[in-house]
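A.B. asks: Let me give you the structure first, and then I'll get to my questions.
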Amino acid sequence: MTRELAIGPDFPALVIAEIGVNHDGSVARAMELLRCAKKAGADAAKLQLFRADRLMHPSGGFADYQKKNVADDSARQMLRRYELSDAAVKKIAAEADKLEIWLLATPFSPGDLKLVEELDLPAIKIASPDLVNKPLLKQAAALGRPLLLSTGAADLEEIDRTVVWMVQWEAPFALMHCVSAYPTPSAEAHLNWIGELRARYGIPVGFSDHTCEIVSGALAVAAGAKMIEKHLTYDRSASGPDHAASLDGKQFAKYVAGIRQAEVMLGGPKDGKRVLPIEQDVRRVSRQSLVAARAIAAGKKIVAKDVTVQRPGTGVPAADVDEMIGRTAKREIAAGKMFSWDMVK
């Protein structure tokens, strides 16, 4: 990619298609999802980098949502099926470069960072469980790439501590609001936390979306998100841990379109409140002006009963009524006459 990955208030929201493990361990399927992400309008696609035996202790088990969607006897066994070799990831990265879509990755162990560095990936996504994984975070920060830190299942004290680490290490970073439930019920999305995190830390905040709603990305952007991450699948009914909380290609395209429409409707980052050109006609005909409620003789001081208001807003504005009352008529003003400042002194 020749373009620089940019995140912030002056840029459109970065839309990340999370391929994750929805490739089912197949390079061909990963390539298919990469092309699907590009076609749907995603800016970036993301893989998960791990080695099952390095990541998972033999005592590790399944989360409840995984139990419903996998048939493996152990969590380690499940993860082994979703591993991608370094060679496979390099093939996918080469395809992403051809497609001109950024490839990002989530490393789960310090050993996974070597491939991130070798491929010179533009940013590193840190999964929610690793927001508190200081060894991984410190080595990831040392690579000097932007870190996108998911905050699922973390409290503010934990986020505060990690933010302090990032500042100490002088690491460029952003936070991703996330709810660690797969799928996340709409009533548990808590999109208001996007604004809370942005106000608390003064940095860009995104949304790692595990809901099943097409509109959630657009709503997150309206709430201030500058990055949106959403799982992409070839089949939501496929067997595997993440397919059910994902969108298929057609749904993802609608999801991205909604995000872009939300951005259009939000306006620019420094788009201060003002009267728009398209409002001028309505403003002119529907605002109200000061009008003589009765005939006013020349030399008479204008009192409240002399003034009424009527449309259109082409005369002295109704807001200036207090400035009009108490002035003296320079000449006779007929009843129903719209006031102008040259009539009074």
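A.B. asks: Give just the number: which of (1) over 30 Å from residue 172 (Cβ atoms); (2) of a type in the set (Gly, Ala, Ser); (3) at pLDDT 95 or above; (4) within 28 Å of the chain's Cα centre (by Cα) does residue 63 not satisfy?
C.D. replies: The number of the failed condition is (3).
A.B. asks: Residue by residue through segment 131-153, note down the ones that are closer than 27 Å to residue 212 by Cα and crowded, with 20+ Cβ neighbours inside 10 Å.
C.D. replies: 131, 147, 148, 149, 150, 151
A.B. asks: Can you spot a residue in segment 258-266 that is closer than 30 Å to residue 22 by Cβ, part of a loop (DSSP other than H, G, I, E, B), outside the structural domain of residue 322 (by TED's automatic domain parsing) and at pLDDT 95 or above?
C.D. replies: Scanning segment 258-266, I find no residue that is closer than 30 Å to residue 22 by Cβ, part of a loop (DSSP other than H, G, I, E, B), outside the structural domain of residue 322 (by TED's automatic domain parsing) and at pLDDT 95 or above, so the answer is no.
A.B. asks: Please go through segment 163-181 and pick out each residue that is aromatic (Phe, Trp, Tyr) and surrounded by 19 or more Cβ atoms within 10 Å (Cβ to Cβ).
C.D. replies: Here is the first cut: in segment 163-181, the residues aromatic (Phe, Trp, Tyr) are 165, 169, 173.
Residue satisfying the conditions is 173 alone.
A.B. asks: Please find, within segment 149-181, the residue that is nearest to residue 126 (Cα to Cα) out of those that are in contact with a Phe, Trp or Tyr (Cβ under 7 Å, 6 or more places away or on another chain) and not β-branched (Val, Ile, Thr). Don't jump to the end; show me each part of the working.
C.D. replies: Applying the first criterion (in contact with a Phe, Trp or Tyr (Cβ under 7 Å, 6 or more places away or on another chain)) to segment 149-181 yields 149, 163, 166, 175-177.
Subsequent filtering for residues that are not β-branched (Val, Ile, Thr) retains 149, 166, 175-177.
On the way: 149: 5, 166: 13, 175: 10, 176: 9, 177: 12 Å.
The extreme case among them is 149.
A.B. asks: If a residue has to be touching a residue at least 60 places away in the same chain (Cβ under 8 Å) and either part of a helix (DSSP H, G or I) or in contact with a helix residue (DSSP H, G or I) (Cβ under 9 Å, 6 or more places away or on another chain) (or both) to count, how many in segment 118-133 make the cut?
C.D. replies: Counting residues in segment 118-133 that are touching a residue at least 60 places away in the same chain (Cβ under 8 Å) and either part of a helix (DSSP H, G or I) or in contact with a helix residue (DSSP H, G or I) (Cβ under 9 Å, 6 or more places away or on another chain) (or both) gives 1.
A.B. asks: Pairs only if they're at least six apart or on different chains, beta carbon under 8 angstrom, first in segment 219-234 and part of a strand (DSSP E or B), second basic (Lys, Arg); list them, first residue then second.
C.D. replies: Partner pairs satisfying both residue conditions: 229/46; 229/125.
A.B. asks: Right, residue 225: among the aliphatic types (A, V, I, L, M), surrounded by fewer than 24 Cβ atoms within 10 Å (Cβ to Cβ) and in the same structural domain as residue 45 (by TED's automatic domain parsing) or not?
C.D. replies: Details: among the aliphatic types (A, V, I, L, M): yes; surrounded by fewer than 24 Cβ atoms within 10 Å (Cβ to Cβ): no; in the same structural domain as residue 45 (by TED's automatic domain parsing): yes.
No.
A.B. asks: Could you list all residues from segment 153-173 that are under 15 Å from residue 196 (Cβ atoms) and either touching a Gly at 6+ places or on another chain (Cβ under 9 Å) or part of a loop (DSSP other than H, G, I, E, B) (or both)?
C.D. replies: Matches in segment 153-173: 154, 155.
A.B. asks: Within segment 175-209, take every residue that is acidic (Asp, Glu) and in a helix (DSSP H, G or I) and give me the one that is farthest from the chain's Cα centre (by Cα). Can you show your working first?
C.D. replies: Within segment 175-209, the subset acidic (Asp, Glu) is 188, 196, 209.
From what's left, in a helix (DSSP H, G or I): 188, 196.
Numbers: 188: 17, 196: 14 Å.
Filtering first and then ranking leaves 188.
The values are calculated or read from the model by the stated rules, or taken from the named source; none is laboratory data. Remember, it's a predicted structure, so these values are computed and weren't measured experimentally. Don't worry about glycine lacking a Cβ; one is built from the backbone with ideal geometry, like all the others, and counts go over all protein chains shown.
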